[in-house]
Amino acid sequence: MVSGSACGAGCARLCTDDGLASVLAEDRALLHWRAMHALGDQGLAEQAVQETLLRAWRSCARFDERKGSIRTWLLAIERNVMIDMARARASRPGDTGWEEVSELSDVRYSHPDFADGLVDGLLVDDLLARLPDSQRAAVVEVILRDRAYQEVAADFGIPVGTVKTRVHYALRALRQLPRVA
């Protein structure tokens, strides 16, 4: 480990003592709780967290803050770790049933737990609050409620192109907001 940045501009700073200490202080409990909830075993949860941090450390230079926060990146890595663990356990007869593997590995059937939904909802509310009213309304209807542009335009009494423009500029503004880790 080093005390300065070893990776460059796109670095997640996990290659530094301070960066790793920060991640451990801020995100280790969340990673452990999520692994424990998904895997149901203390030892496997610890193993998942360690593997997550190791993978993150190895790919520190490939972190792209434009795609999300370090926490989001770590949670994505952890999900992949847990899928890999479930597949490895499934390959050993008598250790794990196929139901458990499909539950952990198939995104189509996964159900976020209450805490994940609450955190996501709070983040979405915070982001939407930063938009002008007209853009917020368009994003809520088109993206969150999954309605057609034509339907939303008819409800709002405005041209379809205006709805599309509002959604476009809202998403562009959201992408330009500073990321919170």
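The values are calculated or read from the model by the stated rules, or taken from the named source; none is laboratory data. Computed from a predicted structure; not experimentally measured. Note that each Cβ is placed from the backbone with ideal geometry, even for glycine, and that neighbours are counted across all protein chains shown. What goes into the accessible areas is simple: the full protein's heavy atoms, side chains included, and nothing from ligands, DNA or RNA. Shrake-Rupley method; radii C 1.70, N 1.55, O 1.52, S 1.80 Å.
Computed values, structure above
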quantity	calculated
Theoretical FRET efficiency, 1/(1+(r/R0)^6), r = Cβ-Cβ of A129 and W33, R0 35 Å, to 0.05	0.80
Largest to smallest accessible area among V23, V160 [probe 1.4 Å]	V160, V23
Highest-first arrangement of 57-70, 135-148, where packing means the average Cβ count within 10 Å	135-148, 57-70
